[in-house]
Every structure is written in structure tokens, then in C-alpha cells.
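For reference, the structure discussed in these notes is given below.
The values are calculated or read from the model by the stated rules, or taken from the named source; none is laboratory data. All figures in this text were calculated on a predicted structure; none of them were measured in a lab. Virtual Cβ from ideal backbone geometry, glycine too; neighbours counted across all protein chains shown.
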Amino acid sequence: MKKLIIRIITVILLLGGVYATSPVQIGAFSSQVVTRGAAGDDVIELQSRLQYIGFYTGTIDGKFGYGTYWALRNFQAKYGLPIDGIAGTKTKKKLTDVSKYDEKFVKDNLNKGNKFTHYGGKPLSSQVAQGTGKKDTIQAPSKYSERDIQLMANAVYGEARGEPYDGQVAVAAVILNRVEHSEFPDSVGGVIFQPGAFTAVADGQIWLTPNERAKEAVLDAINGWDPSENAIYYFNPITATSKWIWSRPQIKKIGLHIFCS
Amino acid sequence: MKKLIFVLVYSIAALSIFSVGKAAENEQLSIALSGQYASKITDASQKLEELNTAVKKTLLFNESDGSEKAREDIWRLSSDIKNSVSSLPLDNSFSTSWLNYLGRLGNYAKEATRAEDHTEYHKVMAQASKNLSTLADEWEVATVGMVNGRLSMDEWKNRLDSTEKGHDWAGMGTAVKQYTESDFPLTASESDSMKKKDLRDMADAKVSSEEAVDQFKRLFPSVSNEIIGVETSKPGSPYPFYHIRFAENQSIGYVDITEKGGHVLSFLSERPFGKKSLPFDDIQKNAEKFLKDAGYKDLVYEESRENNTAWHFVYVRVEPEYKAKVFSDVIHLKVAKDNGGIVGLDASEYIRKEKTAPQPIVKMDWKKFFHSNVTVAKEELAYVENDRLEQRLTHYLTVTVDENGEIGTYAVIIDTETSEVIKTEKLQ
């Protein structure tokens, strides 16, 4: 009997210890500290709660940018919290205490791509308008729009879906190198749709739905990776019909593509 | 038998109707497309004429003030023609040379305000005007068939490859390239920038492929035990490097290491990622420990972006004189969310270290400089490249402004000596 009691106490102490040392989960927030640059569910909840009590007036998109940052700092200032623009345990707890979050309403509307707000004090049903479709919670450098990213993912998938991952990143990097280059149009759309520039545009494969790998490859390229080493052209030596492309200085080969300057 | 013939006749009839319908549809599309292209060509031709006139107008004056409007027109028209040309199916070599020429012409006109010596401007633009006239004539000849509807799309495409007299596109491309080199040669800053990009200034000794592999193993011990190939870059690469491919456990990827000095240009590893996510602090600590161990010691954290499987980090070099960030010398790191491992490194910009020169810092009163509803939230010093590709010491300001109830945030970059606003960027 004594042994049993000791065992039970040991188990309780162990469980208590695990609980005490594990990160504290506040409401529906995860245990993560949420900071500028973050993306995902915690940010969606953060924005929704800040909007509920009037601190955040921007779009609830799950991307922690400057709009969310200033709103959070103002909230921290109002409630006597350390003003750092970071949603840690104390900030999340206070936010949970003073606001409400209708997760179903927010997530449903996000998934439908609706335009909506989440202000307290007026019926949520009156805060929704029809949208244009689902949008990703992708954190990208501000000079690239969601449309640029989507278009590049389409081009990468259409041009290089059978290629190694770095070959796909390299194709995305070539598009970006062209945008920066004086001999090409200066927008992502202009470069991709320049007549004769990409086979996938000519044969319509650009309109295939890109997979996650192609999207990831585009993200790596816009975040600074260039496995092509500054190339502005590439071609498949087995299928290339242009004689001119062979005159370009070649840099490296990835998969089936030769990358050139 | 009768039934079979009946079915056959009907099938052939249906197929013929379908084919005729499709052919007519294709022809209509082809005509519509030809119409679009003809319209773009006409537009470009007309604007080319206007551009030449604008160039000639600027030659009337001795002072740059007198030609301000015409110089603005040159910049605008060259941009417009660039847009038209880039949306036309043209010969590759001609199209690229032509876009480059137009860009340089527009920029030269825009930058002329800064030039103290207007004689030089007059000399350059007089020659440019002559070349533009020649080019306009050739363009007219080359595109006449498309504009007057005599050529179908197929004929136009065939003609692009032709070298018949009157529409030798490749020859036109070579001519425009020569005009660019003679009218608008590279400036000293552009030449320096190109040298830097091509790593021509790097004085480090050559390393062997074995030494490059050792460097890879030192930096990325967890993925460098199963190397599946080491290649050297192709002869056309402006800087030679080793391209090392690996496949260890589930990680597949590459690392490119320069022959000069054995510096990592970029590294990327792909593997299936777990669903759990480490706390951001732990991930950032891993990133910074990696940078320290790898010997990248003059960097500061600039920003980070979370995505599905990884965090992308940006670190910027700090120069010692003013403790200013050098935004052209950055390192990108990709750190996996599931275990905090480094899955990507790009140091290609960092190893091309910019040379920064001391520069006077003129005190600025931001309250006078900005509108009253603007708040300067953060002020730093940073070296930033201006339009002329010069590294300038700048006040790097993060400012906020009330935009109809939302807080708008902008980076405003101001030259410390001349107070020129080098860049204003909306921050998300």
C-alpha cells in the first residue's frame, strides 16, 4: 500500500513537473512566441483579436507585418505590458482576457477568400463581402506581389516540374534575374509573357496548377537563392531548336537544363 | 454493309465540319493576334519617331533647364517603346539589344540634370539621334509586312529566322549593340559593379576540389557524407566554382563553392519536413550559432519570414567606420522549422564585399523634411546603392503615417551628404 502511494505521488510530481516546464498555451494560441515575419494560425488569431478590440484595422491574412506590429505595440502600451511588438505569454494572455475570437467565422471566410472584418460590437454576419478566392499566408519580400509569386510558380511548374529541386529554384531565379536585367522587361509578368521567352507559355503548360514543390522553389528564389549563378537563359540541349541559344556563354548544368548568361 | 457505309459517311462529314470549324477558329485567332502585334508595332514606330524628335529638341539648348521637358519625354517614350518591343515576337538578339539601348538612352536623359558639362550631353545625344534615325528606317522596313497585313503569323515567324536583305534581324541586333557601346559606354560605377558581380576583384588563392569538399563537410557535416558528384562550372561562367551535389539520408541538394578562396556561394537542401515547429527563438539561435561557427562574424540580424516548412533569415554586414549596415552585403539563411537545421545558405552577395568610402553626414531636421503627420519610428545609418550604382552612406529611416485609419510603414533612404532621397519603399 505504502509503495502504491509513493508511486502515485511520484507520477503526480512527474506530471506536475512536465506541466510546469512545458510552454504555456494561452487559449487557442499555440505556445509559440509570435513575432514580425511570422505567418499562420497564431497570426490569424492575433490579428482577429486585435481587430475585435479595435487596435488592428488591416486585413486578417495571417501575415505578421508592420500593420500587425504597430497594432500590437499600441495594445501593449494601453495595457501596461512591455512594448516590444512581440506576442509572448503575457501579451497573449491579456489579449485572450480582453477580446473574443470566432475561429470558425474567421477560418471559413479566409478559406473562401472572402473580404471580412472581425470587429466586436457588431454582428459578424454583417462584416462579410464576397471575395475572389483562397489566398496563401506566404511571407515574401515586399517587392513581390502574390500575383507575381503565383505566376512564377505556374512558370516553374510548366517549365521544370520534372527537374531537381534546385533546377526549379534556378528557373525561378532566371525570371528574377531577367526582371533586374536591362535587356528584359522590368516586371515578372512582362518577363514571363515576353513572346518566345518560355516554352510553357507557348504550349499552354503555364496554366497547369503548380504543386507545393514549385511554390517552395519560387519562395527560395525570391528569398535570395540563385542556383543558376546569375543566369538569364536556360535551355534543354535535347529539345532546343534555336541555334542562337548555343552561342550564349554557359555557366552550369542542373538536371536537363543548361544555364547561360 | 449499308449501315457501315452510312456510319462512315456521317463520321467523315462530322469530322470535316469539325476540322473546318477549328481551322476557321485558328485563322480568326491568328488574324486577331496579327492585329494586336501590328498595333504594337505601329505604336512603337510612332513613338520611335517622337523619341527621335524629343532627342533633337534637347539639342537646342545649352543649359539643361531648357531641355527638361524634352528629357522627361525621352525617358517616358523610351519606357513606352520598351514595353511595346518586349511584347512583340522579335528576334532574341535584336530584342535584348534594343531594350538595353532604350533603357540606357532613357537613363542618360534622366541623369543629365546632374551633369555639369552640357557639351558632353550634346555630343552623345547628337550621335544617338543619328543612330535612332538609321534604326527607325530599318525598323520600318523590317516590320512593314506585319503592319500592312501582308504577312501571316507563320510567315512572320519564318521571316524572323531569315537573313534576306532588308530584314536581317541578327544584323540589326549587332548594330544596336554597337550603338549602345559607342553612345552609352559603361560608367566607372557600372564597370566596378560588373567586376564585383563577376568576382574579378577577389584576390584569394585557388582551392582544389578536395579543399572545396572539405569546406562543405566543415560547414554542413550532417549532409556532406554522401557526395554524388563534384563538377566545375562551365567555361562561360564569369567566375569559376565547384558544383557539389549530395544525397544523404533523405536530404538532396547542392553547394556551389568558388575556386578562388573556397567561399560558399549558395547551398540548398531538400528533404521531407516534419509537422512540428520549434520556437522561433531556438530557430534564430541555431541560425546565429551557424553563422558564428562558419566565420561570418560581421553580421547583424535584419529580418525573417516564416513559411510552411522553414524560416528565411536575412543578415546584413556592418562596416566598422560608422557601424552602418551594408545592404548589398547580405547573407540569406533558410532554417527548418521542425529541427532547426540549416537547409539553405546564400552568401553570394556577402562575398562580393562592397568598398565603402567615408562620407560627410549633414544633420537633418526630420520635422521639416517630412509632412507633419509622419513619424520617424527608427533611424539607422546604412550604405545603399543609388541609381548610378554608387554605394552611398544614407539615413535609413523607418517612418509611419496614418493612411485612412491604418498605419502605413515606409523605408525612406536619404543620402547623408546630398539629402537625395535614394529610395522610398512601402513596407508590408
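Please enumerate the residues belonging to segment B:97-110 that are touching a residue at least 60 places away in the same chain (Cβ under 8 Å), of a type in the set (A, V, I, L, M, F, W, C) and facing chain A (nearest Cβ under 9 Å).
B:98
For segment B:254-302, which residues satisfy the criterion of being within 13 Å of another protein chain (Cβ to nearest Cβ), buried (at least 19 other Cβ atoms within 10 Å of the Cβ) and part of a strand (DSSP E or B)?
Correct list: B:254, B:255, B:256, B:257, B:258, B:264, B:265, B:266, B:267, B:268, B:269, B:270.
From the list B:311, B:366, exactly one residue is surrounded by fewer than 20 Cβ atoms within 10 Å (Cβ to Cβ) and either of a type in the set (Asp, Glu) or farther than 25 Å from residue B:198 by Cα (or both). Which is it?
B:366
Scan (1) part of a strand (DSSP E or B); (2) farther than 30 Å from residue B:287 by Cα for the single condition residue B:231 breaks and write down its number.
If we test residue B:231 against (1) part of a strand (DSSP E or B); (2) farther than 30 Å from residue B:287 by Cα, just (2) comes out false.
Mind listing whichever residues of segment A:220-261 are assigned to a helix (DSSP H, G or I) and at pLDDT below 95? Break it down into steps so the answer makes sense when it comes.
So the first thing to find is which residues in segment A:220-261 are assigned to a helix (DSSP H, G or I), and the list is A:220-222, A:244-247.
A:244, A:245, A:246, A:247 - these are the residues of segment A:220-261 that are assigned to a helix (DSSP H, G or I) and at pLDDT below 95.
From the residues in segment A:31-87 that are within 18 Å of residue A:122 (Cα to Cα) and part of a loop (DSSP other than H, G, I, E, B), which one is farthest from the other protein chains (Cβ to nearest Cβ)?
Looking at residues that are within 18 Å of residue A:122 (Cα to Cα) and part of a loop (DSSP other than H, G, I, E, B), I get A:53.
Quickly run through segment A:32-52 and pick out the residues that are over 12 Å from residue B:305 (Cβ atoms) and either among the polar types (S, T, N, Q) or touching a Cys at 6+ places or on another chain (Cβ under 6 Å) (or both).
If the condition is that a residue be over 12 Å from residue B:305 (Cβ atoms) and either among the polar types (S, T, N, Q) or touching a Cys at 6+ places or on another chain (Cβ under 6 Å) (or both), then A:32, A:47, A:48, A:51 are the ones that fit.
Count, please, the residues in segment A:89-113 that happen to be surrounded by fewer than 16 Cβ atoms within 10 Å (Cβ to Cβ) and either hydroxyl-bearing (Ser, Thr, Tyr) or without any contact (Cβ under 8 Å) to a residue 40 or more places away in the chain (or both).
Count: 8.
Output the number of the condition that residue A:105 fails; it satisfies all remaining conditions of (1) part of a helix (DSSP H, G or I); (2) modelled with pLDDT under 95; (3) within 13 Å of another protein chain (Cβ to nearest Cβ).
In the conditions (1) part of a helix (DSSP H, G or I); (2) modelled with pLDDT under 95; (3) within 13 Å of another protein chain (Cβ to nearest Cβ), residue A:105 misses (3) alone.
For segment B:400-428, what are the residues that are within 27 Å of the chain's Cα centre (by Cα), more than 10 Å from chain A (Cβ to nearest Cβ) and not hydroxyl-bearing (Ser, Thr, Tyr)?
B:412, B:413, B:414, B:415, B:420, B:421, B:422, B:423 - these are the residues of segment B:400-428 that are within 27 Å of the chain's Cα centre (by Cα), more than 10 Å from chain A (Cβ to nearest Cβ) and not hydroxyl-bearing (Ser, Thr, Tyr).
Only one of (1) more than 24 Å from residue B:427 (Cβ to Cβ); (2) within 13 Å of chain B (Cβ to nearest Cβ); (3) of a type outside the set (Asp, Glu); (4) part of a loop (DSSP other than H, G, I, E, B) is not met by residue A:139, so which one is it?
Residue A:139 satisfies every listed condition except (1).
In segment B:340-360, what residues are more than 14 Å from every other protein chain (Cβ to nearest Cβ) and surrounded by 15 or more Cβ atoms within 10 Å (Cβ to Cβ)?
Across segment B:340-360, the qualifying residues are B:341, B:353, B:354, B:356, B:359.
Can you pull out the residues in segment A:176-216 that are outside any loop (DSSP other than H, G, I, E, B), of a type outside the set (Lys, Arg), at the interface with chain B (Cβ under 9 Å from one of its Cβ atoms) and more than 23 Å from residue B:194 (Cα to Cα)?
Passing the criteria: A:190, A:212, A:216.
Criterion first (outside any helix (DSSP H, G or I), farther than 29 Å from residue A:183 by Cα and more than 12 Å from chain A (Cβ to nearest Cβ)) does residue B:223 satisfy it?
On the way: outside any helix (DSSP H, G or I): yes; farther than 29 Å from residue A:183 by Cα: yes; more than 12 Å from chain A (Cβ to nearest Cβ): yes.
Answer is yes for this residue.
Could you tell me which of the residues B:318, B:326, B:300, B:330 is modelled with pLDDT of 95 or more, touching a Ser or Thr at 6+ places or on another chain (Cβ under 9 Å) and among the hydrophobic types (A, V, I, L, M, F, W, C)? Working first, answer last.
Values: B:318 fails: touching a Ser or Thr at 6+ places or on another chain (Cβ under 9 Å); B:300 fails: touching a Ser or Thr at 6+ places or on another chain (Cβ under 9 Å); B:330 fails: touching a Ser or Thr at 6+ places or on another chain (Cβ under 9 Å).
Only one candidate qualifies: B:326.
If I filter segment B:190-202 for residues that are of a type in the set (A, V, I, L, M), within 27 Å of the chain's Cα centre (by Cα) and on the phi < 0 side of the Ramachandran plot, do I get at least one hit?
Taking every residue of segment B:190-202 in turn, at least one turns out to be of a type in the set (A, V, I, L, M), within 27 Å of the chain's Cα centre (by Cα) and on the phi < 0 side of the Ramachandran plot.
Based on what the data block shows, is residue B:343 within 30 Å of residue B:403 (Cβ to Cβ) and hydrophobic (A, V, I, L, M, F, W, C)?
No; evaluated as a whole, the condition is false for this residue.
Run down B:209, B:251, B:222, B:193 and say which single residue is touching a residue at least 12 places away in the same chain (Cβ under 8 Å) and farther than 30 Å from residue A:255 by Cα.
It is B:193.
Could you list, in sequence order, all residues of segment B:66-96 that are assigned to a helix (DSSP H, G or I), at the interface with another protein chain (Cβ under 7 Å from one of its Cβ atoms) and either surrounded by fewer than 22 Cβ atoms within 10 Å (Cβ to Cβ) or of a type in the set (Phe, Trp, Tyr) (or both)?
Correct list: B:92, B:93.
Which count do you get for residues in segment B:239-253 that are surrounded by fewer than 16 Cβ atoms within 10 Å (Cβ to Cβ), within 12 Å of chain A (Cβ to nearest Cβ) and either among the acidic types (Asp, Glu) or closer than 20 Å to residue A:163 by Cβ (or both)?
Total meeting the criteria: 1.
Run down B:152, B:93 and say which single residue is within 25 Å of the chain's Cα centre (by Cα) and closer than 24 Å to residue A:242 by Cα.
Details: B:152 fails: within 25 Å of the chain's Cα centre (by Cα).
Being within 25 Å of the chain's Cα centre (by Cα) and closer than 24 Å to residue A:242 by Cα holds for just one of B:152, B:93, which is B:93.
Could you tell me whether any residue of segment B:171-181 is exposed (fewer than 15 other Cβ atoms within 10 Å of the Cβ) and away from chain A (no Cβ under 14 Å)?
Among the residues of segment B:171-181, at least one is exposed (fewer than 15 other Cβ atoms within 10 Å of the Cβ) and away from chain A (no Cβ under 14 Å), which makes the answer yes.
Going by what's in this entry, would residue B:236 be described as touching a helix residue (DSSP H, G or I) at 6+ places or on another chain (Cβ under 7 Å) and at the interface with chain A (Cβ under 9 Å from one of its Cβ atoms)?
Working: touching a helix residue (DSSP H, G or I) at 6+ places or on another chain (Cβ under 7 Å): no; at the interface with chain A (Cβ under 9 Å from one of its Cβ atoms): yes.
Judged against the criteria, residue B:236 is not a match.
Do you know which residues across segment A:89-133 are closer than 19 Å to residue A:72 by Cα and among the polar types (S, T, N, Q)?
A:89, A:91, A:96, A:99, A:117 - these are the residues of segment A:89-133 that are closer than 19 Å to residue A:72 by Cα and among the polar types (S, T, N, Q).
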